[in-house]
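Take a look at the structure below.
The values are calculated or read from the model by the stated rules, or taken from the named source; none is laboratory data. Not measured: the values here are computed from a predicted model. Methodologically, a virtual Cβ is constructed for each residue, glycine included, from the backbone with ideal geometry; neighbour enumeration extends over all protein chains shown. Note: areas computed on protein heavy atoms with side chains; ligands, DNA, RNA excluded. Shrake-Rupley method; radii C 1.70, N 1.55, O 1.52, S 1.80 Å.
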Amino acid sequence: MAQQDILKYSAKSIAEVSADFGVNFDTGLSEVEAEKRLGLNGRNELSNQKVKWWDILWRQLASPFIYFLFGAGVLSLSLREFIDGLMIFLFLLINTALGFYQEFRSEKTLELLKTFVASYSKVFRGGKEMVIASSLLVPGDLIILETGDKIPADVRFIDCINTTVDESILTGESIAIKKVASELSKPATEMFEAVNFGFSGTALVNGKAKAIVLATGKGTALGQVSKLVAETKHVSNFEKGIAKFSKFILQLIVVTLIFIFLANIFIKGSSANIIELIIFSIALAVSVIPEALPVVTTFSLSRGALRLAKQKVVVKRLSAVEDLGGIEVLCTDKTGTLTENKLTVIDLYGQADTVFWSNLATSSPQEKKLEPFDIALWDRLSGKEKNDLKKYQRLADVPFDPLRRRNSVLAKDANQQVLIVRGAPEAIISLCSNFTSAQKSKALKWVSEQGEVGHRVLAVAKRELHLRDYSTVVDNEKDLKFIGIISFTDPIKSTTTAAVKHSRELGVSIKIITGDSREVAGAVAKQIGLIDDCHQVISGEELDQLSVSKQLAAVESFSVFARISPEQKYKIIELLQKKFAVGFLGEGINDAPALKIAGVSMVVQSAADIAREAADIVLINKSLKSIVDGIKEGRKIFANTTKYIRATLSSNFGNFYAVAVASLLINYLPMLALQILLVNLLSDFPMIAIASDNIDSEEIENPKQYNLKEIVLIATLLGVVSSVFDFIFFGIYSRISPHVLQTNWFIGSILTELVFMFSIRTKRPFFRSKRPSSPLLWLSVLAAFVTVGLPYTYLGQHIFSLTPPTPQFLAIDLALVLAYFVVTETVKLMYYRRFSPSVASK
């Protein structure tokens, strides 16, 4: 259906819309009819955004190094060097296949993770309210929308209670739009005119509504604006650093190769084989580039994401796993994260019927309660009181709002119409007219006493009314009659205290940011060992009264923030971000701005749709332990990725410069292009398994940041060592014959790189580090076996121009490899004793 055809329903009455879509507003669509319409209209999805296998394959080929190798292969074939050309294409195939396999597995992991964060909608079908996947909505469905919900399709409102919608995703207008259920005097011609419409992708920021679905999937306004469908890619600090680093390496190599190429021509003159030099230079460039880095990174991230998913932590973008490891400050709510959020009524202040009236103001009218407060209150009722509740008819309700810190319900029985208001004691008491100053002080003192022992409280008040216009409920929240206050216990999770201790060991500061009172927040923080004194708490009001410089000091020094509004929460995150890498756990619609600016944004699965949209990570189980486990996983990934970079740059650069310079000293190539490519393949093959390597404990003790200076310094030092040993190989074998030099340098290059991996994988002495992972160990053994055995085979001799080394030469090679390992281990330990003495001495 075209957009203009949909907009014509803005001027039709609710009865006309009902008739046109063949739906009864009392019962909704039947399951049979909904299934039929789903088959006719398709699923409520903008597009099938699954990555196809050919997209992954293309990503493997879209690399300048692949282009270089392809050009070298074509050049070889055109000069009738068929063996060289075919082998170059074989290397291309193997590298592409390895990369494709790992990325394909990663994409499958992402697809699996997306099933955990599917969107759901409340729908009225067959006379029953139910929750279904939003993708199964069809035109004619009746849906129920509440504050924080993302509107799942284009809808026409049929009932609105203080409903406002953020339509900035479509219109760019940041001001929320007030919505109505009545028909317009004439059909709207533009989206912004349709004030009785809700459009797919927009979000309910206030109130409650019922609506009928008009269009789904590609038929929605959002579906017809294709540029809005594309996801914005979040680029992490690590990714930015890698990109900058890769650019620097590429420029360095190109300049060096041009110099070596021209120097070869200048020194060797007419005897230089230009074509051979070109292919040699390309192979040399490919050998030094850490081209397996994307594969290692992707494999590490997807492996980490899958491990976290098993712990009920779901990432929406892979790089968020690594970002999680860099967190220095974690800001979280108290309820449900530190505590069980399984409430029990423990005490009352006020009238005996306080619990009854509080139940009438529940957020879920059905008997099966969803909210912890509602569950606890319902369990406290007697059978008679539960029956008495059924005598009341709900006329209107205003959902809980963090800014107002209360919710309201307008109900009536046979005798009266009554407005019940429920929320934070301070908010409710300020609206009551039957309270003297002394009574108010006494009530607030009781609230404070309950807070000091960690009990949560909820106040309730009421007012008899005779409203005809139910949309004025909020305006009538005044002159209330105080009924009472209820106190609840909320047990601390068994894992919380240990998780707080563990986070401190990891160098992560925990900040509690809550809307609860300072007494409750302080009591809980003290119980879990976060603070020593329950009075070490700052309120949102106190924070606002400070100057900017003092606010900066306060957010750093205080660990508990109480009575915090959404705006103050945003400010706290913003201030902390100026100095620290911040993770933030939110769940409400008002958390969305803070989620967007946090370095790592996390929500629970039950969070408001708009909050989940802004988050990087979704917690299936809301637990501090889950987040701490995620931080450890992120640091493991960071450690293994930087291991690969240090290892490949140190050995590759040493070998690169040695081979390049050696080519100027003799009248033949010190290593053939195919041999260089084979060195690259056999050494990188086991290095891919570095993603699965075990980590020393100190690698996860503190937040890690990408340090280009440190990587370049250690790579340079160890690269010099590598070059020295390369020249030893050159000095020993260059005087014998080209084949002997090429073969033994080939063997030495791979074996030294393999043993080097077992040195550089730890900052400790290698024998004190954690055992290498089995994949890394066995793939290294396999690569070493192939390296030593290949020169004795037909393939090695006739395709790669290798010659079988004599036992004496093989003994020299192995002795040099052992000496190389000892020297690199010594240099490594000297470096880390200088810059990380506590680590190297372990």
Discussion item. Looking only at segment 314-339, how many residues end up being at pLDDT 80 or above and not in a helix (DSSP H, G or I)?
Written reply: 10
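What's the total number of residues in segment 382-432 that are assigned to a strand (DSSP E or B) and open to solvent by 50 Å² or more (accessible area, probe 1.4 Å)?
Of the residues in segment 382-432, 4 are assigned to a strand (DSSP E or B) and open to solvent by 50 Å² or more (accessible area, probe 1.4 Å).
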Worksheet item: If you check every pair at least six apart or on different chains, which have Cβ atoms under 8 Å apart with a residue in segment 484-506 that is free of Cβ contacts under 8 Å to residues at least 40 places away in the same chain first and a residue that is polar (S, T, N, Q) second?
Response: Thr497/Gln527
Item to complete: For segment 467-525, name all the residues that are among the hydroxyl-bearing types (Ser, Thr, Tyr), buried (at least 17 other Cβ atoms within 10 Å of the Cβ) and assigned to a loop (DSSP other than H, G, I, E, B).
Response: Thr514, Ser517
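Tell me, which residue of segment 703-720 that is open to solvent by 20 Å² or more (accessible area, probe 1.4 Å) and hydrophobic (A, V, I, L, M, F, W, C) is farthest from Ala819 (Cα to Cα)?
In this case the residue turns out to be Leu708.
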Worksheet item: Which residue out of Asp347, Asp374, Asp379, Asp353 is closer than 28 Å to Ile627 by Cα and of a type outside the set (S, T, N, Q)?
Response: Asp374
Worksheet entry | Matching option when the condition is at pLDDT 65 or above, within 35 Å of the chain's Cα centre (by Cα), over 30 Å from Pro152 (Cβ atoms) and surrounded by 12 or more Cβ atoms within 10 Å (Cβ to Cβ), among Leu38, Leu61, Leu77 | Leu61
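Conditions tested, residue by residue: (1) open to solvent by 10 Å² or more (accessible area, probe 1.4 Å); (2) at pLDDT 65 or above; (3) of a type outside the set (S, T, N, Q); (4) outside any loop (DSSP other than H, G, I, E, B).
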site	(1), (2), (3), (4)
Ile161	yes, yes, yes, yes
Val165	no, yes, yes, yes
Pro187	yes, yes, yes, no
Val195	yes, yes, yes, no
Ala209	no, yes, yes, yes
Glu231	yes, no, yes, no
Lys240	yes, no, yes, yes
Practice prompt. With respect to Ile700, determine if the residue is within 30 Å of the chain's Cα centre (by Cα) and either touching a residue at least 24 places away in the same chain (Cβ under 8 Å) or open to solvent by 40 Å² or more (accessible area, probe 1.4 Å) (or both).
Written response: yes
Fill in: Restricting segment 572-604 to residues that are open to solvent by 60 Å² or more (accessible area, probe 1.4 Å) and not in a helix (DSSP H, G or I), the residue that is nearest to Asp532 (Cα to Cα)
Lys579
Worksheet item: Ala283 is checked against (1) modelled with pLDDT under 70; (2) open to solvent by less than 20 Å² (accessible area, probe 1.4 Å); (3) within 15 Å of the chain's Cα centre (by Cα); (4) not β-branched (Val, Ile, Thr) and fails just one. What number does that condition carry?
Response: (3)
Discussion item. Looking at Ser801, Ser749, Ser759, Ser723 in this structure, which one is in contact with a helix residue (DSSP H, G or I) (Cβ under 7 Å, 6 or more places away or on another chain) and on the phi > 0 side of the Ramachandran plot?
Written reply: Ser801
Discussion item. Can you find, within segment 762-803, the residue that is surrounded by the most Cβ atoms within 10 Å (Cβ to Cβ) among those that are touching a residue at least 12 places away in the same chain (Cβ under 8 Å) and of a type in the set (Val, Ile, Thr)?
Written reply: Thr762
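Condition check: closer than 29 Å to Ala554 by Cβ, hydrophobic (A, V, I, L, M, F, W, C) and either open to solvent by 10 Å² or more (accessible area, probe 1.4 Å) or in a strand (DSSP E or B) (or both). Does Leu444 satisfy that? Full working, then the answer.
Working: closer than 29 Å to Ala554 by Cβ: yes; hydrophobic (A, V, I, L, M, F, W, C): yes; either open to solvent by 10 Å² or more (accessible area, probe 1.4 Å) or in a strand (DSSP E or B) (or both): yes.
Criteria met by Leu444.
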Fill in: Pairs where the first residue, in segment 466-477, is free of Cβ contacts under 8 Å to residues at least 24 places away in the same chain and the second is surrounded by 15 or more Cβ atoms within 10 Å (Cβ to Cβ) and part of a loop (DSSP other than H, G, I, E, B), C-beta under 8 Å, 6+ apart
none
Worksheet item: Regarding Leu308, is this residue at pLDDT below 75 and in a helix (DSSP H, G or I)?
Response: no
Worksheet item: closer than 24 Å to Ile627 by Cβ, without any contact (Cβ under 8 Å) to a residue 40 or more places away in the chain and not in a loop (DSSP other than H, G, I, E, B): does that describe Lys569?
Response: no
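Of all the residues that make up segment 133-159, how many are of a type in the set (A, V, I, L, M), open to solvent by less than 20 Å² (accessible area, probe 1.4 Å) and in a strand (DSSP E or B)?
Start the filter on segment 133-159 by keeping residues that are of a type in the set (A, V, I, L, M), which leaves 133, 136-138, 142-145, 151, 153, 155, 158.
Restricting the remaining residues to those that are open to solvent by less than 20 Å² (accessible area, probe 1.4 Å) gives 137-138, 142-143, 145, 151, 153, 155.
Among the residues that remain, those that are also in a strand (DSSP E or B) are: 142-143, 145, 155.
Matching residues across segment 133-159 total 4.
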Worksheet item: Only one of these conditions is not met by Phe580: (1) among the aromatic types (Phe, Trp, Tyr); (2) within 21 Å of Glu322 (Cβ to Cβ); (3) at pLDDT below 75. Which number is it?
Response: (3)
Response to the item:
Only unsatisfied item for Cys534, checking (1) outside any loop (DSSP other than H, G, I, E, B); (2) open to solvent by 10 Å² or more (accessible area, probe 1.4 Å); (3) over 24 Å from Ile375 (Cβ atoms), is (1)
Discussion item. Restricting to segment 668-701, name every residue that is modelled with pLDDT of 75 or more and not in a helix (DSSP H, G or I).
Written reply: Tyr668, Pro670, Met671, Leu672, Asp693, Asn694, Ile695, Asp696, Glu701
Worksheet, complete the sentence: For segment 653-667, pairs from a residue that is farther than 19 Å from Leu713 by Cα to a residue that is at pLDDT below 70 and polar (S, T, N, Q), with Cβ under 7 Å and 6 or more apart or across chains, are Asn667/Ser271
Discussion item. Just to be sure I understand, how many residues within segment 731-761 are buried (at least 23 other Cβ atoms within 10 Å of the Cβ), hydroxyl-bearing (Ser, Thr, Tyr) and more than 18 Å from Met687 (Cβ to Cβ)?
Written reply: 2
